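Presented below is the structure to which this report refers.
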Amino acid sequence: MVTPAQWVASHGGRYASALGIDLASPDAGKRFKWFLAAVLYGARISETLATRTWRTFRDRGVLTPQGIVQTGREGLVAILDAGGYVRYDYKTATKLLDVCTALLRDYRGDLDALHAAAADPHDLETRLKALGKGIGDTTVGIFLRELRGIWAQANPPLSPLARAAAREMGYLRSGAERHALERLQRLWARAGEPARGFGDFEAALVREGLRRRRQAARQPRT
């Protein structure tokens, strides 16, 4: 069986790292950059278009809550359209404005302050969802799974995509999926890997789960 570290090396780790974002940085702005990406990835749109759109935000220097609010709805729509995010442009622009306005009002624009205010993992998820309509389980799960091991309260459920891939790869035995997250974390720890790095393993499993799902969708129906 391929070791977890080998799997990460061959499939890539955190999506944030692929975008050049160091989530362990003391700079809280890094967490916001990833939050913006998570919002884009959370829609029913291809990973390629979401990544391209995030890079358009980066290239135009709009990667802070203040910058998003100052850009305004029409400016955000223009950025989203330039990245190919046309299907959800006005809806996403409105969502980003609402979320960033709330983040600035309630937490001075600082996601680390939001995390510090959270009493437990459930409260953290609730506070993130309360930032605005459209921040649901999918977006919160994408955002927090990469902060697992970095933020103390970041402990979302294991992605079904990661669970399915782990089972197919033999990291989880069939029928032994109860407490799957804890089982995978123990596997990672037994391999001598640091707890902070588990998010890379989880992201690599998500990538494989997505690949298998796309492959299955391409299979002709009989």
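The values are calculated or read from the model by the stated rules, or taken from the named source; none is laboratory data. Note that this is a predicted model, so its numbers are computed, not measured. Positions of Cβ are backbone-derived with ideal geometry, glycine not excepted, and every protein chain shown enters the neighbour counts.
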| Selected residue [surrounded by 19 or more Cβ atoms within 10 Å (Cβ to Cβ) and either in contact with a Ser or Thr (Cβ under 6 Å, 6 or more places away or on another chain) or not in a helix (DSSP H, G or I) (or both)] from Ile21, Ile45 | Ile21
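Out of curiosity, is Ile150 surrounded by 21 or more Cβ atoms within 10 Å (Cβ to Cβ) and either touching a residue at least 40 places away in the same chain (Cβ under 8 Å) or more than 30 Å from Ala102 (Cβ to Cβ) (or both)?
Judged against the criteria, Ile150 is not a match.
Conditions (1) charged (D, E, K, R); (2) without any contact (Cβ under 8 Å) to a residue 12 or more places away in the chain; (3) not assigned by TED's automatic domain parsing to the domain that holds Leu114, marked per residue:
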position: Arg31; (1), (2), (3): yes, no, no
position: Ala37; (1), (2), (3): no, no, no
position: Val62; (1), (2), (3): no, no, no
position: Ile68; (1), (2), (3): no, no, no
position: Val86; (1), (2), (3): no, yes, no
position: Lys91; (1), (2), (3): yes, no, no
| query | Taking Asp123, is it surrounded by fewer than 16 Cβ atoms within 10 Å (Cβ to Cβ) and under 28 Å from Val62 (Cβ atoms)? | reply | no
| query | Hey, among Leu114, Leu161, Leu128, Leu144, which residue is surrounded by fewer than 20 Cβ atoms within 10 Å (Cβ to Cβ) and either in a helix (DSSP H, G or I) or at pLDDT 95 or above (or both)? | reply | Leu161
